[in-house]
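Down below is the structure, laid out as structure tokens.
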Amino acid sequence: MPEKLKNNKLTNITALVLSIIIAEGAGILSAYLGMSNKENYESFIKPSFAPPDWVFGIVWPILYLLMAIAAYRIWRKGKGGVNTGKALTLYGIQLFLNFLWTIIFFRFRLIGLAFFELMLLLVFILLTTFEFFRIDKIAGILMIPYILWVSFAGVLNFTFWMLNNM
């Protein structure tokens, strides 16, 4: 195998692993910081359609993995000369907003603020997905489950807010 091809493959693998570590790491850290006060969440009045706690532990890691793969695909297109700066910047912003939401909602119990922050997050997810689709259709498709889940989370967050008067 030629040295340049070998180095390129190693770079791609490293970038994919790094993308996964960043996305999953953001999720793990926000869950740790947000849920370190788990009794806060357990004291909420929950809507009847709220999934059991264990569902979140399955869904979120899958969504972070899909996001990471999508971001990696966009990064690779950038290596091919495509301008990916806007798409990856939007991705970083939405990942940061995702990180903040968990802390606002769970740790600080600011359910109303969390709802508005989640709406902002959803806007940035949609913008990110639009840019991803423009650059790489598969990357855009990988973001669709995330849009659906965060939309559901918005309904859930709003209902929590109404039920708990916060």
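All of the numbers you see were taken from the coordinates with simple rules; none came from a lab. What you see is a predicted model, and the numbers here were worked out from it, not measured in a lab. So basically every Cβ, Gly included, is an ideal-geometry build from the backbone, and we count neighbours across all protein chains shown.
For the range 68-166, chymotrypsin sites (Phe, Trp or Tyr not before Pro) meeting the loop criterion (DSSP other than H, G, I, E, B) and having at most 16 other Cβ atoms within 10 Å: Phe108.
What translational diffusion coefficient, to the nearest whole µm²/s, does the range 36-137 have by Stokes-Einstein, given a Kirkwood radius computed over alpha-carbon pairs, a temperature of 4 °C and 1.567 mPa s viscosity?
The diffusion coefficient I find is 85 µm²/s.
Taking a straight line from the alpha carbon of Lys9, these lysines sit under 27 Å away, with near neighbours fewer than eight places off in the same chain left out: Lys77, Lys79, Lys86, Lys137.
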